[in-house]
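Peer 1: One structure, pasted below without further comment.
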Amino acid sequence: QVQLVESGGGLVQVGGSLRLSCAASGRTINDYVVSWFRQAPGKEREFVAGLSWSAGDTGYADSVKGRFTVSRDNAKNMMYLQMNSLKPEDTGVYSCAAVYGRFGSSWHEYDYWGQGTQVIVSS
């Protein structure tokens, strides 16, 4: 089992920044890919960014490339999503999720989920 807890969401103006955190515990997270997904009202959950914990390889959705950065702190078992130049379309509930081994961008592939944190970008 892997437990994930997100924090750091909130209300921010267009062009602002937020940093989300995902605390991982349970099984050795080194063997997992951990990703951020978001879901806006009335829309399907979508991949935002992901990280292969052991290798450090990262992947991003086209919509956030150049604005968002995913990183990890191995010592703390923490994963972060730095979000800059935020847009109204970035609004949604952001969740971190983990899957063993293979990197995937479909939420169906992930086995473990946090409870989510709300991000609202106000214009």
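Peer 1: For the chain, what class follows from the C-alpha gyration tensor (a ≥ b ≥ c being the square roots of its eigenvalues): rounded when a/c is under 1.5, otherwise prolate if a/b is larger than b/c, else oblate?
Peer 2: prolate
Peer 1: Next question. Could you give the length gained by full extension between SER54 and TRP113, i.e. 0.36 nm per residue of separation minus their alpha carbon distance, to one decimal place?
Peer 2: So the chain would gain 19.3 nm between SER54 and TRP113.
Peer 1: Among the GluC sites (Glu not before Pro) in region 38-123, which ones are in a DSSP loop with at most 13 other Cβ atoms within 10 Å of the Cβ? Mind listing them?
Peer 2: Passing sites in region 38-123 are GLU44.
Peer 1: Leaving out ligands, DNA and RNA, what percent of the accessible area of the chain is carbon and sulfur, probe 1.4 Å?
Peer 2: The computed percentage sits at 45.
Peer 1: Under a point spin-label approximation (7 Å from Cα along Cα-to-Cβ), what is the ASP73-ALA23 distance to one decimal in nm?
Peer 2: Using points 7 Å along Cα→Cβ, the separation is 1.1 nm.
Peer 1: Please report the relative contact order for the chain, taking Cα pairs under 8 Å with a sequence separation of at least 6, and give it as a percent rounded to a whole number.
Peer 2: Result for the chain is 36 percent.
Peer 1: Let me ask something else about it. Residues in region 24-61 near a label at SER85, defined as backbone nitrogen under 17 Å from the 7 Å Cα→Cβ point?
Peer 2: Correct set: 49, 60-61.
Peer 1: How high is the relative contact order of region 49-88, given as a whole-number percent (alpha carbon pairs under 8 Å, six or more residues apart)?
Peer 2: Relative CO of region 49-88 lands at 31 percent.
Peer 1: Right, another one. Which whole-angstrom value gives the distance between the alpha carbon centres of region 41-65 and region 79-120?
Peer 2: Between the Cα centres of region 41-65 and region 79-120 lies a distance of 7 Å.
Peer 1: May I pose another question? May I ask you to list the trypsin sites (Lys or Arg not before Pro) in region 66-102 that are in a DSSP loop and have at most 16 other Cβ atoms within 10 Å of their Cβ?
Peer 2: Answer by residue number: ARG67, LYS76, ARG102.
The values are calculated or read from the model by the stated rules, or taken from the named source; none is laboratory data. These numbers come from a predicted model, not from an experiment. Quick reminder, even Gly has a Cβ in these numbers, built from the backbone with ideal geometry, and neighbours come from all protein chains shown. Ligands, DNA and RNA are stripped out before the accessible areas are found, and what is left, the full protein with its side chains, is counted by its heavy atoms. Shrake-Rupley method; radii C 1.70, N 1.55, O 1.52, S 1.80 Å.
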